[in-house]
Every structure is written in C-alpha cells, then in structure tokens.
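In what follows, a structure is listed as structure tokens, so that the remarks can point back to it.
The values are calculated or read from the model by the stated rules, or taken from the named source; none is laboratory data. Computed from a predicted structure; not experimentally measured. With ideal geometry, Cβ positions are generated from the backbone for all residues, glycine too; neighbour counts draw on all protein chains shown. Please note that ligands, DNA and RNA were not included when accessible areas were found on the heavy atoms of the full protein model with its side chains. Shrake-Rupley method; radii C 1.70, N 1.55, O 1.52, S 1.80 Å.
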Amino acid sequence: MRGDSGLRISHVGLRGIVGRGLTAGHILDFAAAFGTFIEPGRPVVVGRDPRASGRMAWEGVVSALMACGHEVIDLGVVSTPVVQHALQRLDAAGGIAISASHNTADWNALRFLGPRGTYLSTAEAGELLDIYHLRKFRFVAWDQLGGQRFDAGALDRYIDDLAAVFDLPSLRDFRVVVDCCNGTSALILRRVIERYGLDLVLINERVEGVQFAHEPTTSARMVELQLGPLMRPLGAHAGFLFDVDSDRVAMADEQGRGVSEEMMLPLLADHQLSRGPGKIVITNLSSSALLEDVAVRHGGRVLRVPVGRQAAMDALAAYRPEQIAVAGEGTGAVMMPQFRFIYDGIASMFAVLTMMKERGRTLGQLLADYPQYSILKGEVRLESPRVPELLLDLLASYPDGRIDRTDGLRVSWPDRWFHVRVSHTEPIIRVICEQRGAPPQELFETLMDKARSYS
Amino acid sequence: MPREHLLKIGVSGVRGVVPEFLTPSLTLHFAQAFGTYVGRGRVVVGRDTRLSGPMLQHAVNCGLLAAGCDVVDVGILPTPTIQIYVEHIRARGGIGLTASHNPPEYNALKLFNKEGQFFNQYERNELIDLYHQSDFTQATNAEIGYVTTDPGLAKAIHIDRVLAKVDVDRIRRRHFRVALDAVNGAGSVMTPGFLVDSLNCRLDAIAIDPTKVFPRIAEPRPDTLGELAALVLKTGAEVGFAQDPDADRLAIVDENGRVLDNDDVLALAVQRALAVVPGPVVVNLTTSSAIDDIALAFGRKVYRTPVGEANVVETMQAVKAAIGGEGSAGGVIFPAVQLCRDSFTAMAFLLDLMAESGKTVSELVAALPQYVRKSGKVAFAHGRLGGLMQALEEGFPEAEADRSDGLKLLWPDRWVHVRASNTEPILRVFVEAKTEEAAEKLYATSWGLLTA
C-alpha cells in the first residue's frame, strides 16, 4: 500500500492521504452523510488533531453539519477521547473527531461517534456508508441551518473525569517522561501538571501541524528509541509515548527498555481484574495468550473476537458494562468501563501509574511478574482469490490444535498459538504466532513459507 | 413554462437556493476550482448577512484550503469593501458570498480577481471549464495554509478612499439630517459609522442589525422603501439612503419621501464625478440618455455596453473611464475608489452635491435633463426570440439599430431596448423619450410588434 493514495472508506470511517486520495469533497460528503444519519435538529460535537489539513477538513465538516441543520459544538484542537468525554456530558446527536491518530502527518481521517461518545456499531456504520454512497443528504431550509459555537471547557471537564477515577495527586511521587509526538497529549498533560502538580517531563510537546518529531507509532522500538536514553539520566520511573491523537500509548520502563505494545492490555487486565475479579476481558484473536494467564489468576475469562474495533464494539454490546473488566488489542489500545469503553492512551497511562503506586513496584518489576511470552509477526503479499486455499491448507496441516475460524484461522495449543488473517486495509496476509518462553521460530517460518507459496 | 433558476452557474459566478440547490458540496468544489485558478496565496472571503452565509463560508474556506490557498476571513462586509481589500492587501483574489438583491433563500459566490474586480468573461469561462473538469489542485498536509481574520482594517481603507474624493469639511459642516435603511445587510456594519463619524450626519436608521433577516424585499425599489420614506418624513430628513444586502447598490429617497429613479441617482453621481476627475463615461444600453446630455456638457464621451456590471466594468477599464454604471440597476461605479458598484461613493457624492449647491435632493433632480421612461416584460416561447426581434426591427426601419445586447433602436429623441432575461424566458422592454406622450406611443407600438 505504500505509494497508493491511502483512501479507505469503511465501517471505521474515512481516511487517507490528504490531497492524494482523501479530498475535501470526500470529507464534506461524508460529514453530510453523518449529518443525515444522526437524529435531526440536535448538536454535533467536533474536534480535531493538530494536523494542518485538520483545519481544511474541519471547515468542510462544519459546513456539512450546518447544512443538515445541526448546531456544531467546536472543541478546537483536542484528542478523540476528549471529544468522546464531551459527548458523554452533552445532549448531542453525535460527534466527529478529525484525526489520523497514529498515521504520519500527511494522513487524515474522520471518526464518527454516537450520542454518548461510543463508536458506531457495525449496523450503524453500514447505514452511514449507504447514505454516503447514495449522496442523498437531508439538508434543511435556508432559515433552519445550524449555527456554531466554541466550547473551551472540554479539556478541563475531560481531566475532571480522569481525576474522578484516578487519584491524580497521589501520582506526584513518580517522575514520568512523556513523548507527546507534537500531538494533543501535550495540551492535556500541560493542564494536568498545572492542576495536580504531577512530575511529568514532556518532550516533543510543541503542538505541530506539518512536521512531527518522529513517526507517531506507538511501538516498543519507537519508545525505546525516543525515551530509552532519557530514563536513567532523568531518574524517571516510567516513560510513555503517545500518538498524535493520544488514543494510543507505548511504554518504557525505568531502565529505558521499550515495553512491547502487547503488554499494555495484560497489565490493565490485571489492574482491572484485581478490583473486579471474575469479569470478562474482550480482545481479538491476535493478542497475547498472557491474557488467559492473567484472567485465570483472578477467576476471569477472555473472550476473543475478530480483529478490528468494530468486532470489539459488537461484543461489548452483548454484555452489561459491569460484567467487563477491560477490552483491547495487542496494539496497546485499551478501553476501560470506567470511561464507557473508549480507547484512551492517557487513561491507560494513569491506570499503569496507579498500579505501580498501589503495588509499590516499578514498571520493570511489575512486568517481571508475568510469564514470558514471545511473539513473532510477519506479513505476506497475497492476491485475495488465493486466501481460502491457504487457509484450508493450514487447517489440514494442524489438525491437533484448537480451531477458531471467525477471522481467518487461529489455531492454539496449551503453550503456543498462531493466527493467519487478511488485513482490512492492505492486500496482505498477516501471520502472528506466540509461544510461552522462547520464540516459536520454526512454526513461524513454516507458516510464512506456506503463505509465500501461494503468493 | 417559465423555468425557475434555482441554481445557475454562469456569468457572475454561482447562484442558487441554499442548501438544496447551491449545496455545500458544490460550493466547496467551486471554491476549490477558484483556488486552483488563482493559485496558491491569499484569498479574501467575506459575505453579506444572509443566514446561509456562515455555512457556505465554511465550504468556501474548505475548498480554498484544499487548493493550497490561505484564507483571509473578513466576515460580514459590503461587497465593494471586500473588493477594495483584495486589491489593497495584494491577495490572489476574493470570494464574496452574497446574492445581492435576490430573496433571502438565495446565495451566490461572487468572484474577484487580484485587482479586486469581477472576473471578466474570459476568466469566468476558464474557471467554469476548470470546475467542470474537476482537475483541482489538491494540497497535501504540508501545502495546506491558514485561515486568518481581518482585524477590521478593510472598512477604514474603503472609507478613506471615498473621503479622498469629496470635500469632507463641506459635508461635515452641513450636519445633514439623514435616514438609512440598510435592510439588515452588510451595510449595517459600516454605513452608520460612515455617515455619523466620517460625514458628521445626524442619522435615523432602520434595519441595521446584521443578525436579523431582511425586513423588506431585498432590492431597493420605490415599492419596497415605504418604511424609509415614512422615516424621512417623520424625522424631517434631508435625504434617505437604502442599500441592498451587500451594499453595492443604493437607492435614494428625497426630502419629500419620494424614491428617486435609479437613472437619476446615476446621473447625479456622474455630474459630481465629471467635475472632479477626467475621462469618459460608460453605461449600459438601458441607461438614460440623460447621461449623454451631462457628458456632453463636460465635453466627455459616453460608451454603451451590454447589460451587466461585468460588461460595464470591462469597458470602463479599457477606456479609463471617469465613472460608469447601470441606471436601472442602481449602481454607481467610480474607479478612483474602486472599479465596482459602491453605495458609499454614491452617498458621499450626493451629500457633496447638496453641500456644494445648497439645493435639496428634489431640486438637484429637477435640474437634471428630463426624460420619461417606461418598461415591461413580454413572455416568449422557446425558439421565438429571433423572430420577435426581427419583427421589432422591421417595424421601425428608420431607426438606428444596436445589436450588442438584444436589440436597441435609437432615434435622436427616443429609444427602445429589448433584451432577453438571463434567468427567465421573458423579454424586457425599455423605452425612453422626451415626453410622456412619445414614450407611451413608442412603448405601445413596440408591445404590439412583440406580441403580434
């Protein structure tokens, strides 16, 4: 997909490289579809990340929503979680967050949110897509057009919500280094420092629209590269790196070692389950089996669903919030019931720090408590028609494991598993396999060779 | 069957009923085409007070940013003020969101080039081609610019230019009692200050709230200015001024509450302008012959153009005109201020004439060359237009014919001008003569030929 225009119109919304694939016309039409889809006559909350194209997209979004008769409540440059929190408080029909999150600066995206700040269900997203494709929008008469107002208080109210769940002043003893990647986390954390006096050392904190200090990838490699050398000299207890939208986060321990993004969910599952034993952890088929170990410790269980936020949202909808401990992915994106299930890296950071505080351990010590797993990930370019053949071949090759065919093929054994699935966004096959202890090198190579034999 | 033009992409830009026909999407694409055409750089965007203005402006901003332009948002301002500002800050161009005198459900994009003038026909055609080709500049994140807001400079620049062309002290000393109807339009944000602070008038104003809808039919005409006429009589004002929603056009009420003929408003302005600047006069074919008489008195030439502000402006530029305008449309174009219709220049000229002469408005009008004008409309069926024109021409073989815009037939003391409307299948018929009787006769004969 490198080199293509990146335009993706799907159940998750609209995204692409601005000017190459994603145009102003797409943005305005999609926002008009959303304005048509949601309940008429009620306000819509809009926020954007600092990308320069965000202003362009914002103008188109506001115009479309006004034309559909919605008042626009503009939050300015804020993270998607701030928009979601604002929606939880306001009597609004929905929200649009303009952010390409962890993509590079040349990307942008529209993310559509329901009345309580939730992501759209698969059925809702499908309906929205249909309206977009039909381009039959529900515009109101010239004297019924919506207005627009700026709400400067959303950031503080979001921090109020965090402070109601986490004892923020108790975290003052920690020195924490944070790489804001020139994004919205800088705005949030500066305010947190002002209000609660936390010892947060912010780097790359200038909010930027065009050039980010580095690719906003929340991986162990990136956090080690950016924060590794700073941790010991600064005497920091933990380090965190956010993407531009601060919905994703990566961690470094006190030694400056990057922590695998796979560890965030088990860590927070442990934290949440220790407060509510026996609850359910929702995750996808590609995340670490460490989750099952953690769940067993607290009498909980793991529900695995296909990859993608949509499947997780649909699974969540089948349970009452108090039955769920946590939901998330191996990418480090985690949702907690306290915040009505939204991916929020800032909340994840405070949950990890709270855990460190409660257990009196450093991040490195916390992580050392868990059994060691090794995960290997690869991808193979494959034409779509060949996918079923590959999957059937693999199914026949591993008859002794536990089979799950809800998203490609996942085969698991007591100490290891693999998952082979088709990417939602690129014409590739993803191969993931994990084993307790040493890396499952041989299994991984066999799977990769098999996949390559079909390409 | 008469077609209603709910959307028109044509000579003066794009105009339509919002948002059903002039949709945010179409507006965005037109703005992006405009941005592509003028190139990367600053584009001034302003609007009149129509309720659809903010919604459309967001779409315009979106399209301009997507084309890699920077937006200079001047908010609610008169169209001439926007045009002057485009030129003053050396922007790439400008877009005015205003449907001028059209009803409130309409809006339009008025397009200005870097001189702050309406696009000429070549520029318009190129832009419309570009729009249809959809081959727009698509700026990447690194190429996308900014939206900045004008700190209020534009009004002062416009007013200073107007004041430089009249005897301000003379006007200020008279402390004129003036009435104003700004139709809650863009004039609301500028005209009261202009009259009171700059020209020291005693002002009684109605409809100067830019947050409200138009309280009357937007076009300032005798039948829409009853309230202003009543205000003039009630307050004993020496003159009443009425603007259209984007304050480019002006109607005048005399001290007796009578609304002046727009041709007389132009004639007064021409009188004033020719006294202060050199150059010929340019008016459209339908404008009164009074202009020829006045120009003759100053030894100046008169050029006639097809109807339409853009046509007048184009010729004015080419011949370096002193002043120009369109009688029936109520527009005074004075290039020493800006090559566009400007109600502020027209107001200042009239007050200056009154201050200089000591005469009342009705006395000034009475001193103008006197003509009688009549006008009307004839509906025609598709395909019949050519035949009607021919019938008229053949009916008056002795007259001099001008076919540059419809058909104008001239005699030394009278004329008839017939042209098809741009927006409806109707013929507009205009007649002017020295006497009521002659005008009546010419009108009746023409009507007979056109409806036979």
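The table below lists the values:
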item	result
Complete set of residues in region A:127-147 that are without any contact (Cβ under 8 Å) to a residue 40 or more places away in the chain, part of a loop (DSSP other than H, G, I, E, B) and surrounded by fewer than 15 Cβ atoms within 10 Å (Cβ to Cβ)	A:A141, A:D143
Unique residue being open to solvent by less than 40 Å² (accessible area, probe 1.4 Å) and under 23 Å from B:P306 (Cβ atoms) when the list is B:G387, B:G383	B:G387
Residues of region A:130-154 classified as closer than 20 Å to B:E20 by Cβ, within 8 Å of another protein chain (Cβ to nearest Cβ) and not aromatic (F, W, Y), total	6
Some residue of region A:69-88 being over 14 Å from the mean Cα position of the chain (by Cα), closer than 13 Å to A:F30 by Cβ and modelled with pLDDT of 95 or more	no
Of residues in region A:208-226 being touching a Leu at 6+ places or on another chain (Cβ under 8 Å) and hydrophobic (A, V, I, L, M, F, W, C), the one surrounded by the fewest Cβ atoms within 10 Å (Cβ to Cβ)	A:M222
Residues of region B:27-45 satisfying the condition of being more than 7 Å from chain A (Cβ to nearest Cβ) and open to solvent by less than 10 Å² (accessible area, probe 1.4 Å)	B:T27, B:F30, B:A31, B:A33, B:F34, B:G35, B:V43, B:V44, B:V45
Number of the condition not met by B:V361 [criteria: (1) in contact with a strand residue (DSSP E or B) (Cβ under 6 Å, 6 or more places away or on another chain); (2) open to solvent by less than 40 Å² (accessible area, probe 1.4 Å); (3) under 27 Å from B:T305 (Cβ atoms); (4) not polar (S, T, N, Q)]	(3)
Region A:161-190: number of residues that are closer than 21 Å to A:V82 by Cβ, outside any loop (DSSP other than H, G, I, E, B) and either without any contact (Cβ under 8 Å) to a residue 12 or more places away in the chain or among the hydroxyl-bearing types (S, T, Y) (or both)	2
Count - residues of region B:422-441 that are over 28 Å from the mean Cα position of the chain (by Cα) and in contact (Cβ under 8 Å) with a residue 60 or more places away in the chain	4
Cβ pairs under 6 Å, 6+ apart, first in region A:198-212 and within 14 Å of chain B (Cβ to nearest Cβ), second part of a loop (DSSP other than H, G, I, E, B) and among the charged types (D, E, K, R)	A:G209/A:R51
Hits in region B:77-110 - residues which are outside any loop (DSSP other than H, G, I, E, B) and open to solvent by 10 Å² or more (accessible area, probe 1.4 Å)	B:Y85, B:E87, B:H88, B:Y106, B:K110
Condition check for B:D48: more than 9 Å from chain A (Cβ to nearest Cβ), open to solvent by 10 Å² or more (accessible area, probe 1.4 Å) and not hydroxyl-bearing (S, T, Y)	no
Condition met for A:I375 (at pLDDT below 95, open to solvent by less than 20 Å² (accessible area, probe 1.4 Å), in contact with a strand residue (DSSP E or B) (Cβ under 8 Å, 6 or more places away or on another chain) and not in a helix (DSSP H, G or I))	no
Criterion: farther than 23 Å from B:P151 by Cβ and either more than 12 Å from every other protein chain (Cβ to nearest Cβ) or modelled with pLDDT of 95 or more (or both) - qualifying residue of B:A99, B:A66	B:A66
Scope region B:52-76; condition outside any helix (DSSP H, G or I), of a type outside the set (A, V, I, L, M) and open to solvent by 10 Å² or more (accessible area, probe 1.4 Å); matching residues	B:D70, B:D73, B:G75
A:L145 vs. criteria closer than 16 Å to A:V44 by Cα, under 16 Å from the mean Cα position of the chain (by Cα) and modelled with pLDDT of 95 or more	no
Every residue from region A:281-299 that is surrounded by fewer than 22 Cβ atoms within 10 Å (Cβ to Cβ) and over 18 Å from A:W413 (Cβ atoms)	A:R297, A:H298, A:G299
Filter result for B:E126 (assigned to a helix (DSSP H, G or I), out of contact with any strand residue (DSSP E or B) (no Cβ under 9 Å at 6 or more places or on another chain), outside the structural domain of B:N184 (by TED's automatic domain parsing) and not β-branched (V, I, T))	yes
Any hit, region A:348-360, residues being outside the structural domain of A:V249 (by TED's automatic domain parsing), in a loop (DSSP other than H, G, I, E, B) and surrounded by 14 or more Cβ atoms within 10 Å (Cβ to Cβ)	no
Of all residues making up region B:1-25, the number that are more than 10 Å from chain A (Cβ to nearest Cβ) and at pLDDT 95 or above	0
Where A:L395 falls short, out of the listed (1) buried (at least 17 other Cβ atoms within 10 Å of the Cβ); (2) in a helix (DSSP H, G or I); (3) not basic (K, R)	(1)
Hits in region B:111-130 - residues which are open to solvent by 40 Å² or more (accessible area, probe 1.4 Å) and either touching a Pro at 6+ places or on another chain (Cβ under 9 Å) or of a type in the set (F, W, Y) (or both)	B:Y122
Unique residue being in contact with a Gly (Cβ under 7 Å, 6 or more places away or on another chain) and open to solvent by 30 Å² or more (accessible area, probe 1.4 Å) when the list is A:R340, A:R320	A:R340
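Residues are listed down the side, and each one gets a yes or a no for (1) in a helix (DSSP H, G or I); (2) of a type in the set (A, V, I, L, M); (3) over 13 Å from the mean Cα position of the chain (by Cα); (4) more than 30 Å from A:G235 (Cα to Cα):
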site	(1), (2), (3), (4)
A:L267	yes, yes, yes, no
A:D293	yes, no, yes, yes
A:T331	no, no, no, no
A:G364	yes, no, yes, no
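Matching residues to (1) more than 14 Å from chain A (Cβ to nearest Cβ); (2) free of Cβ contacts under 8 Å to residues at least 24 places away in the same chain:
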{"residue": "B:N141", "(1), (2)": "no, yes"}
{"residue": "B:I144", "(1), (2)": "no, no"}
{"residue": "B:V147", "(1), (2)": "no, no"}
{"residue": "B:I157", "(1), (2)": "yes, no"}
{"residue": "B:D167", "(1), (2)": "yes, no"}
{"residue": "B:A179", "(1), (2)": "yes, no"}
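Yes or no, residue by residue, for (1) in contact with a Lys or Arg (Cβ under 8 Å, 6 or more places away or on another chain); (2) outside the structural domain of A:H271 (by TED's automatic domain parsing); (3) open to solvent by 50 Å² or more (accessible area, probe 1.4 Å); (4) at pLDDT below 95:
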{"position": "A:A125", "(1), (2), (3), (4)": "no, yes, no, yes"}
{"position": "A:A164", "(1), (2), (3), (4)": "no, yes, yes, no"}
{"position": "A:L171", "(1), (2), (3), (4)": "yes, yes, no, no"}
{"position": "A:A186", "(1), (2), (3), (4)": "yes, yes, no, no"}
{"position": "A:R191", "(1), (2), (3), (4)": "no, yes, yes, no"}
{"position": "A:R206", "(1), (2), (3), (4)": "no, yes, yes, no"}
